[in-house]
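The values are calculated or read from the model by the stated rules, or taken from the named source; none is laboratory data. Keep in mind it's a predicted model, so treat the numbers as computed, not measured. FYI the Cβ positions are ideal-geometry reconstructions off the backbone, even for glycines, and counts take in every protein chain you see. We work out accessible area using only protein heavy atoms, side chains counted, and drop any ligands, DNA or RNA first. Shrake-Rupley method; radii C 1.70, N 1.55, O 1.52, S 1.80 Å.
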Amino acid sequence: SVATNSYPRAVSFAHALATAWKMTYHPFSSSDKFVTPQWRSVLNATLPAFWAVCLACRFLNLVLAKLVSNDSDVNMNAWTEPTRQLLTAIQSYALPTACCVVMATSCASRHGSTAVMASCTAAMACRQSILAGLLAGWLVSLVVGRVVYRCIVWNIPATMTNLAAAGGTGAAVAIVVAPLVPALQGITMWIRLAVHVSMSGMIPGAGFVIGCLFCFGSKIGYYHALCLPVILIEMELGQASIWGAIDECTLVLVSAGICSANLMMPSSLKETDVFLCKRAVRINLLCGDFIEAAYPFMEESRLVNAAGYLASGISTEFLARNPRDILSLAYLPLPVSILLANDWHRMALASFIAFGLSFAGTAINNLLLIAARTPNNQSKTK
C-alpha cells in the first residue's frame, strides 16, 4: 500500500497471527523497553547542523551587508529581499527541525521514515527554539508507534494508518507544543544572557576563572556534559558562541601549543608521542579538535599543567569584554575561527596568548629536563 514501511507491516503481521492463534500481543508492554538516549546526548549529536547553520548565516549576513551597501544598484537590490528571507528561514526553523528529527529518530528509530515525516511536521511549531524541537521530537517518538498499533487493532487500512501516524501525529504534536514555545525560548534566552553577562567584563577576574574551569572541566568529562550543550544553546539563532571562542582558546590552542613545543624542543619523546603530537598539531590547527592529545603531557609535568591553566585563564580574561563581538567556534581551521568573530583582532590576540603561553611553558619545562640530565651524563662520562 501507499506510504507504508517495514515496521507497520511487521506489527500488523504479528497482530494478525496473535489474533488467529488467540494469543496476546502488546508491542508496548513493559518487557519491550527500548533504550533511549539522554536529551543532552541528542542535542550534542546535532552539532553538524549547528556548525552548518552558523557558517551559512555568517555568509548570508556578509552577502546581505554587501547588497545593502549597493542599494542603488537595481540588479543587486533584486537579491536583497530573497537573501533576507532565506536568512530568516534558516535562523528560525533549521535548528529546531534538526533537533526534532534527531530526537524522534533516536528514540523511535524502528519507525524510520514515519518518525522523520512526523517530526518534520511537528517542527513547524518550534520557531527559534531548539528545546521545543527536542520536546516535539520526544513526543513524536512516544505517540507514533501507539498510533500505528491502534490503527492496526481497529482494522484501519495501511495507507490511512501511515497518514495518521506520519502526518496526524506530527500535526497534533505541533498543536500541543506551540503554546509552550515562548516559555522554552525564554529558558534558552536566560542561559545566553547569563553566559554573556559573565563574560562582559563587569566581574573582574571572571574570565580567568571561566577559562581555568573550561580547561579543568574538559579533563574530567564536563565538556560534553555541560560546555557543548551551552555552546549549542548560544547558537540557537544561527550565531556563533562566546563559549565557542573560549573552547577554541582554552582547549584547542592550548593543546596545539603544548604539542608544538614538544615537537620543536623535545626532552625525551617516544616515537608514539612524536606521532601523537604531529597529529594533534595538524588536527587542532586545521580542524579545531583533538584537545585530548595534550592531557598526558599536562599530567606528567606540573609546569606544563600550570602553563595550560594559565594560558586558558589569561586568554579567556582577554576575551571578557563586549562578548557579542567575539562570538566564534571551534571545529574550524584557526584562521576561519578567528575571522568568524566580528572583532577578529581581539580573537587573534587571545588565540596567540593561548598558544604562546602553553608553548612557552612546555618549552621551558623541556629545557629544564634536558639541563637536569646533562650533568648526569657528564658525570657518567668522567
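Just a few scattered comments:
- Residues within region 320-344 that are part of a helix (DSSP H, G or I) and either surrounded by fewer than 20 Cβ atoms within 10 Å (Cβ to Cβ) or among the aromatic types (Phe, Trp, Tyr) (or both), tallied: 6
- Selection within region 130-175: residues that are β-branched (Val, Ile, Thr) and without any contact (Cβ under 8 Å) to a residue 60 or more places away in the chain. The member of this set that is farthest from residue 231 (Cα to Cα) is 156.
- In region 327-356, the residues that are under 16 Å from residue 285 (Cβ atoms) reach residues that are open to solvent by 10 Å² or more (accessible area, probe 1.4 Å) and of a type in the set (D, E, K, R) with C-beta atoms within less than 8 angstrom, at least six apart or across chains, in these pairs: 330/289; 331/289; 340/58.
- Considering region 194-234, the residues that are at pLDDT below 90 and β-branched (Val, Ile, Thr) include one that is nearest to residue 318 (Cα to Cα), namely 203.
- Among the conditions (1) within 24 Å of residue 232 (Cα to Cα); (2) not in a helix (DSSP H, G or I), residue 119 misses just one, which is (2).
- Only one entry in 188, 169 is buried (at least 19 other Cβ atoms within 10 Å of the Cβ), within 22 Å of the chain's Cα centre (by Cα) and closer than 26 Å to residue 45 by Cα, namely 188.
- Subset of region 175-194 [among the small types (Gly, Ala, Ser) and either within 15 Å of residue 97 (Cα to Cα) or not in a helix (DSSP H, G or I) (or both)]: 178
- Test: residue in region 303-319 that is open to solvent by 70 Å² or more (accessible area, probe 1.4 Å), at pLDDT below 90 and assigned to a helix (DSSP H, G or I): no
- Among the residues of region 77-104, the one identified as open to solvent by 60 Å² or more (accessible area, probe 1.4 Å), in contact with a helix residue (DSSP H, G or I) (Cβ under 8 Å, 6 or more places away or on another chain) and closer than 15 Å to residue 128 by Cβ is 93.
- Scanning region 180-213 for residues that are in contact with a helix residue (DSSP H, G or I) (Cβ under 9 Å, 6 or more places away or on another chain), closer than 30 Å to residue 119 by Cα and not hydrophobic (A, V, I, L, M, F, W, C) returns 185, 188, 192.
- Residues within region 216-243 that are open to solvent by less than 10 Å² (accessible area, probe 1.4 Å), of a type in the set (Gly, Ala, Ser) and farther than 20 Å from residue 98 by Cα, tallied: 1
- Matching residues in region 105-126 - criterion: being touching a Pro at 6+ places or on another chain (Cβ under 7 Å) and either surrounded by fewer than 18 Cβ atoms within 10 Å (Cβ to Cβ) or modelled with pLDDT of 90 or more (or both): 123, 126
- Failed item, numbered, when residue 267 is tested on (1) polar (S, T, N, Q); (2) part of a loop (DSSP other than H, G, I, E, B); (3) at pLDDT 90 or above: (3)
- Near pairs, Cβ below 6 angstrom, 6+ apart or cross-chain, from region 204-232 (in contact (Cβ under 8 Å) with a residue 12 or more places away in the chain and β-branched (Val, Ile, Thr)) to any residue that is open to solvent by 20 Å² or more (accessible area, probe 1.4 Å) and in a helix (DSSP H, G or I): 230/243; 231/243
- When 258, 233 are screened for being part of a helix (DSSP H, G or I) and more than 29 Å from residue 368 (Cα to Cα), only 233 passes.
- Cβ-Cβ under 7 Å pairs, at least 6 apart or on other chains, region 84-97 side closer than 16 Å to residue 55 by Cβ, far side of a type in the set (Phe, Trp, Tyr) and assigned to a helix (DSSP H, G or I): 95/50
- The residue that is most open to solvent (accessible area, probe 1.4 Å), among those in region 287-296 that are hydrophobic (A, V, I, L, M, F, W, C) and within 22 Å of residue 209 (Cα to Cα), is 291.
- Among residues of region 149-176 being hydroxyl-bearing (Ser, Thr, Tyr) and touching a helix residue (DSSP H, G or I) at 6+ places or on another chain (Cβ under 9 Å), the one that is nearest to residue 104 (Cα to Cα) is 169.
- So residue 140, is it buried (at least 23 other Cβ atoms within 10 Å of the Cβ) and part of a helix (DSSP H, G or I): yes
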